[in-house]
1. Between residue 131 and residue 22, what is the label-to-label distance in nm when each label sits 7 Å out along the Cα-to-Cβ direction?
2. Could you compute the FRET efficiency for residue 150 and residue 30, with r as their C-beta to C-beta distance and R0 at 25 Å, rounded to 0.05?
3. Based on the alpha carbon coordinates of segment 102-201, what radius of gyration and maximum Cα-Cα distance (Dmax) apply, in Å?
4. What net charge do the residues around residue 88 carry, taking every other residue with its C-beta under 13 Å from that of residue 88, with Lys and Arg at +1 and Asp and Glu at -1?
5. Of all alpha-carbon pairs in the chain, indicate the percentage at a distance above 21 angstrom.
6. Only Lys, Arg, Asp and Glu count, each charged at its Cβ (+1, +1, -1, -1), so figure out the dipole size of the chain about its Cα centre, rounded to 20 debye.
7. What ³J(HN,Hα) values, in whole Hz, does the Karplus curve 6.51 cos²θ - 1.76 cosθ + 1.60 give for segment 129-135 when θ = phi - 60°, with x put for Gly and Pro?
8. Pulled fully out, how much extra length does the chain show between residue 85 and residue 68, if you take 0.36 nm times their separation in residues and subtract their Cα-Cα distance?
Amino acid sequence: MGIYLNPGSDKFQEALRSAIYVDKSGMIAYTNRIFKSSNKYICVSRPRRFGKSMAANMLSAYYDRTVDGSMVFRGLDIAGDADFDTYRNQCDVLFLNMQEFLSRSMDMASMLDLLKRRILHDVLREYPDVEYFDRADMIGCLGDVYAETNCPFVVIIDEWDCIFREYRNDYQAQRQYLDFLRGWLKDKAYIGLAYMTGILP
């Protein structure tokens, strides 16, 4: 279990232990239907306090291969679904909160550099024996891991749009960020599902 790679189910279990919990696990039936399809990219944009982060933590707990989802999801709606076991805990999950990286960086270049180095740190530690072409190339390394393991990545990005609030008038930084996301996620065989949350309309 890493910090960003396969972070476990602790955050989702906190939600389960809360005084008020609304079961949204039925949405997993939908993400399973679009898994590894051309519709595997989801962006959820809603006002704050609508449970976006909780849903992201739930998806992470479901797909994370280091979690025993049969126990975590016992009694929840998705546990009764016919395809509950199809992708349950079969993936490598990368879970990122962009606000965390933005708050620790001076500009977009340093933010993306920090993000890539942190992901690489977790991936190289988890898969030290993979034959990497370039250990400094995050996208290449994810492809190398997938080529060897055939284990798809589920990428979950919370607060994906914080950049557009902080860099409201810096169109170059916005373009740099979008180019990074496109290069990382679009048309990549290693992506099983990409799920992003934000608040922008």
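1. Those two pseudo-labels are separated by 5.2 nm.
2. 0.55
3. Rg, Dmax (Cα atoms, Å): 14.5, 44.
4. -3
5. 52
6. 700
7. Once rounded to whole Hz, the list reads 9, 5, 7, 8, 6, 8, 5.
8. Using 0.36 nm per residue and subtracting the Cα-Cα distance, I get 5.0 nm.
Any read-out appearing in this document is the output of simple, stated calculations on the displayed coordinates, not a laboratory observation. No experiment lies behind these values; they were computed from the predicted model shown. Here the Cβ is made from the backbone with ideal geometry for all residues, glycine too, and neighbour counts use every protein chain on show.
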